[in-house]
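J.: Quick one: structure below, then a few questions.
The numbers here are math on the coordinates, done by the rules we state, and not lab data. Nothing here was measured: the structure is a model prediction, and the numbers come from that model. Glycine gets a Cβ as well: all are built from the backbone with ideal geometry, and neighbour counts include every protein chain shown.
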Amino acid sequence: MKLVTYINNNREQVAFYIDGQLYNLSEADNRLPQTMMQMLEDWERLSAIAREAEANIKGGSLTIESRDFEQVQVLAPVPKPTSCRDGYAFRQHVAAARRNRKVDMIPEFDQYPIFYFTNHNAIQGPGPIDCMPDHFEKLDFELEATAIVGKKGRNIKAAEADSYIAGYCIMNDMSARRLQMEEMLLNLGPAKGKDFSTVIGPWMVTPDELDAYRIPAKEGHTGAAFNLKMTCKVNGIQVSEGNVGDMDWTFAEILERCAYGADILPGDVIGSGTVGTGCFLELNGTGKLNNPDYKEQWLQPDDVVEMEIEGMGRLVNTIKKVDTDFSILALKK
């Protein structure tokens, strides 16, 4: 199934995405809820009902009103997640970023997966991304995939962790690099460099829809892996390409660490981390390493960022500049 959250009669509505049309779950079967969070809170039972309803729509035995996906206001699949973590699963990205800073690859990367918490109240879907003046000091995209949790768990093992995933979608982990780099000198994480926007969408695709793309996890690793091409275009020009299958740490292994001594909950969003070549920070660093005259590129007002992952759809956002001169960088002592 592909599940979309959109605005219907001024409120959130979860719907099936079928051939460009949206069909409300609650209209397809009155046992199904109106919001994605309600679905996720009882995912195992309700997803079985939803699959039957979707099959009836596709087979023609159930006819209900549809809406054109392109004509509605699409939100993040989970507009208000219970939490948002972001992993660090692609060795290529980590190695390139460290090489560009002229530091050795950190051996701990290969010992255990890591993640950080970001602002789950700044989650958004397709559409405009409002940015303050300071955000445009090296504004960046980050091309990622993300898993959405559909079952509460604690102290789960990687071998069973995939069963806790309701679905997947694209993630753009937006980054204001100057803010990020300044504050990380204090060794306390990205914070203000990240908390203005994290984009997920355009829909959540359930794991069964990706079965045809399944590949073995890398040697020594446990969990589902998928051969899914990833790309990012800025203003129609492709700047990034990778593959979900290049994840060194699987989502199952990341979930195992997340759930150690802590609950994971329905509605938690857990990102993969950035794919290799998946941000301007890495691309600029590599470019300057090879050519000192390389011209850096960063996101600008009115840029259109278009991310696509095979099987997960296309996520499109436009960068917008808020009309203000308020700057927290100017408040430094």
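J.: Leu62: net charge of surrounding residues, Cβ under 13 Å, Lys/Arg +1, Asp/Glu -1, itself excluded?
T.: Once all neighbours under 13 Å are counted, the net charge is -3.
J.: Using Cα-Cα distances under 8 Å and only pairs 6 or more residues apart, what relative contact order does the chain have, in percent?
T.: Contact order relative to length: 23 percent.
J.: Next question, about the same structure. Can you tell me the relative contact order of the range 95-210? Whole percent, Cα pairs under 8 Å, sequence separation 6 or more.
T.: In percent, rounded to a whole number, it is 30.
J.: Using Cβ contacts closer than 10 Å as the measure, can you line up Arg51, Arg257, Arg101 from fewest to most?
T.: Final ranking by Cβ density, sparse to dense: Arg101, Arg51, Arg257.
J.: Consider just the alpha-carbon atoms of the range 2-71 and return their Rg together with their Dmax, both in angstrom.
T.: Values for the range 2-71 (Cα only, Rg and Dmax): 11.2, 31 Å.
J.: Using a 10 angstrom cutoff on alpha carbons, build the Gaussian network for the chain and name the most mobile of Leu185, Leu283, Leu22.
T.: Maximum fluctuation in the GNM of the chain, among the listed residues, is at Leu185.
J.: I would also like to ask the following. Amide H to amide H under 5 Å from Glu144: which residues, 5+ apart in sequence or cross-chain, H placed 1.01 Å off N in plane?
T.: Excluding prolines and chain starts, which carry no amide H, the hits are Met171, Asp173.
J.: Also: For the pair Lys152 and Phe326, how long in nm is the line joining their label points, each one 7 Å along Cα→Cβ?
T.: Modelled inter-label distance: 3.8 nm.
J.: Moving on to the next point. Can you give the net charge of the other residues whose Cβ lies under 11 Å from the Cβ of Ala217, counting K and R as +1 and D and E as -1?
T.: Its environment carries a net charge of -2.
J.: Something else about it: Under 26 Å between alpha carbons, and skipping anything fewer than 8 positions from Lys333 in its own chain: which lysines qualify?
T.: The qualifying lysines are Lys138, Lys192, Lys194, Lys321.
J.: If R₀ is 25 angstrom, what is the calculated FRET efficiency for the pair Val103 and Phe136, using the beta carbon separation as r and rounding to 0.05?
T.: Approximately 0.35, to the nearest 0.05.
J.: Let me ask something additional. When the Debye formula is applied to the Cα atoms of the range 83-331, each taken as the same point scatterer, what base-10 log of I(q)/I(0) results at q = 0.08, 0.12, 0.18 Å⁻¹?
T.: Values, matching the q order: -0.29, -0.67, -1.53.
J.: Answer with one residue from Leu179, Gly287, Tyr116: the one whose Cα lies farthest towards the positive end of the charge dipole of the chain, charges on Cβ with Lys, Arg +1 and Asp, Glu -1.
T.: Toward the positive end, the furthest listed residue is Leu179.
J.: So, with +1 on the Cβ of K and R and -1 on the Cβ of D and E, and no other charges, what is the size of the charge dipole of the chain about its Cα centre, to the nearest 20 debye?
T.: I would put it at about 680 debye.
J.: Restricting things to alpha carbons, tell me how big the range 245-295 is in terms of Rg and Dmax, in Å.
T.: Spelled out, the Cα radius of gyration and Dmax of the range 245-295 are 16.7, 49 Å.
J.: I would also like to ask the following. For the residue pair Ala48 and Met184, what label-to-label distance in nm results when each label sits 7 Å from Cα along the Cα-to-beta-carbon direction?
T.: In this crude spin-label approximation the distance works out to 4.5 nm.
J.: Also, quick follow-up: Hey, if you put +1 on the Cβ of every Lys and Arg and -1 on every Asp and Glu Cβ in the chain, which of Phe69, Thr324, Gly242 ends up farthest toward the positive end of that dipole?
T.: Thr324
J.: So, one more: Counting other C-beta atoms within 10 Å, which of Trp43, Trp203 has the fewest, and how do the rest follow?
T.: Trp43, Trp203
J.: Could you pull out every one of the lysines with an alpha carbon less than 21 Å from that of Lys229, ignoring same-chain neighbours closer than 8 positions?
T.: The qualifying lysines are Lys2, Lys218.
J.: Let me ask something else about it. Quick check for you: which residues of the range 97-127 have the amide N under 19 Å from the point 7 Å beyond the Cα of Gln73 toward its beta carbon?
T.: Under cut-off, by backbone N: 121-127.
J.: In whole percent, what relative contact order does the range 179-256 give with Cα contacts below 8 Å and a gap of six or more residues?
T.: Worked out over the range 179-256, it gives 20 percent.
J.: A follow-up question, please. Could you pull out every one of the aspartates and glutamates with an alpha carbon less than 12 Å from that of Lys288, ignoring same-chain neighbours closer than 8 positions?
T.: The qualifying aspartates and glutamates are Glu296.
J.: Next up: If you average the alpha carbon positions of the range 157-213 and of the range 75-132, how far apart do those two centres end up, in angstrom?
T.: 5 Å
J.: Please give the calculated 222 nm ellipticity per residue for the chain, where each DSSP H segment of at least 4 residues contributes -39500 (n - 2.57) and the sum is spread over every residue; nearest 500 deg cm²/dmol?
T.: -5500 deg cm²/dmol
J.: A further question on this structure: Would you work out which of Ile57, Gly153, Gly127 lies farthest towards the positive end of the dipole of the chain, given +1 charges on the beta-carbon of Lys and Arg and -1 on that of Asp and Glu, about the Cα centre?
T.: The one lying farthest along the dipole's positive direction is Gly153.
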